[in-house]
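The values are calculated or read from the model by the stated rules, or taken from the named source; none is laboratory data. Keep in mind it's a predicted model, so treat the numbers as computed, not measured. Glycine also receives a Cβ, built like all others from the backbone with ideal geometry; neighbour counts cover every protein chain displayed. Quick note on the areas: whole protein, heavy atoms, side chains included, nothing else; ligands and nucleic acids left out. Shrake-Rupley method; radii C 1.70, N 1.55, O 1.52, S 1.80 Å.
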Amino acid sequence: MNGVRSVILGTGSALPARRVSNAELAQQIDTSDEWIVERTGIRFRHIAGPDETTSTLAADAARAAIAAAGIEARDIDLIVLATATPDQTFPASATKVQALLGIEDCVAFDVAAVCSGFLYALQVADSMIRAGAYARALVIGAETFSRILDWEDRGTCVLFGDGAGAIVLAAEEDSERGILATKLHADGRHNDLLYVDGGPSTTGTVGKVRMKGREVFRHAVVNLAAVMGESLGAAGLTAADVDWVVPHQANARILDATAKKLGLAPEKVVVTVDQHANTSAASVPLALDTAVRDGRVRRGDLLVLEAMGGGFTWGAAVVRY
Ligand code: COA
């Protein structure tokens, strides 16, 4: 008897229409395709146009996930949207998604944990489902990081992109599938290594992304390997049981180093950073949807999702898809 589990019924994603190559960036700032590929593995990113916002991308991803789940939008009773780039300071972008989907009544709110936001949102939704409060949840990660980048800072602006990913979670009794374990962490002593230099309560401005990349890199590998091991342990499993790691897509070198630390073959890691760059909270569900749709991830596979971001915050989830 497993009790109630949150099972992934469907996945979806959405990207802005405009795709920007490293070479195109190199026409505007002092960088090169070679530097970006060698240090990060990134080749392309999508950049939102004036009519594309976090909530429109989120709603598009949600529609695709709802269709894949084979349900109707009105069946959703909970929307948890992870984002650090909401349309407005308030209302929560989740309520805008609700309106765009035409859902008359449900619970809808945003979660702010930057790049690990999707993992935080997943644990929140999973807990609410297993508590019996909700039956069908949309968990979304959506970002328009291009709007908070300093396009004169080549150390950050080449790394990020825009996009959205979504999943539909459903309560199922005694399922073999579903979310088996989630583990989250935060350590606010590292606020100053990755942050935005503005906000409603400080400068009254939106601010731009600031990062000490090398230090973030060092912490990321250690924390991600540890939390993946911890979440697998909580599920009574080991790295040998894992079919796919679906990681936060920050940097190909972080993905390689983390997999190596856990003794996981690089072929088991879903890599989309080359195509999407770092889409913050969107990156894990975007990578998951990509791997589901191209046939890599199949029903019954054991997945480990992981992410780390500003705060620092980090986390992992073990999921039987
Ligand atoms: N193009 C060309 N040169 C660049 C550049 C760019 N886009 N950005 C930085 N450089 C230069 C720097 O100015 C520096 O030059 P200098 O030695 O003459 O001063 C040189 O490249 C090395 O910079 P450094 O920052 O030390 O490089 P790095 O090897 O640490 O790589 C990152 C930089 C950002 C790619 C890397 O630190 C990283 O990926 N960190 C993790 C970031 C991350 O994942 N953040 C998100 C977590 S959610």
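Remarks
- Whole-angstrom Cα spans of the chain along principal axes, big to small: 58, 46, 38
- Volume in Å³ per residue [convex hull over Cα atoms, computed for the stretch 105-257]: 153
- On the stretch 18-148, 49 percent of the accessible area sits on carbon and sulfur atoms, based on a 1.4 Å probe.
- Annotation for the stretch 19-70: trypsin sites (Lys or Arg not before Pro) lying in DSSP loop with at most 15 further Cβ atoms inside 10 Å of their Cβ do not exist.
- The GluC sites (Glu not before Pro) of the stretch 1-88 meeting both criteria, a DSSP state outside H, G, I, E and B (loop) and at most 16 other C-beta atoms within 10 angstrom of the site's C-beta, are 72.
- Sorted largest first, the spans of the alpha carbon positions of the stretch 4-173 along the three principal axes are 54, 29, 26 Å.
- One decimal place: the segment residue 75-residue 176 gains 34.1 nm when fully extended, by the rule 0.36 nm per residue minus the C-alpha distance.
- Within the straight-line cut-off of under 17 Å between alpha carbons, the aspartates and glutamates reachable from residue 183 are 126, 230, 306, sequence neighbours fewer than 8 places apart in one chain being disregarded.
- Expressed in Å, the radius of gyration and Dmax of the Cα atoms of the stretch 189-282 are 15.9, 49.
- Restricting the stretch 239-318 to trypsin sites (Lys or Arg not before Pro) in coil, as DSSP defines it, with at most 13 other Cβ within 10 Å: 298, 299
- Averaged over its residues, the chain has an accessible area of 41 Å² per residue, based on protein heavy atoms and a 1.4 Å probe.
- Contour minus Cα-Cα distance for residue 197 and residue 21 (0.36 nm per residue): 60.7 nm
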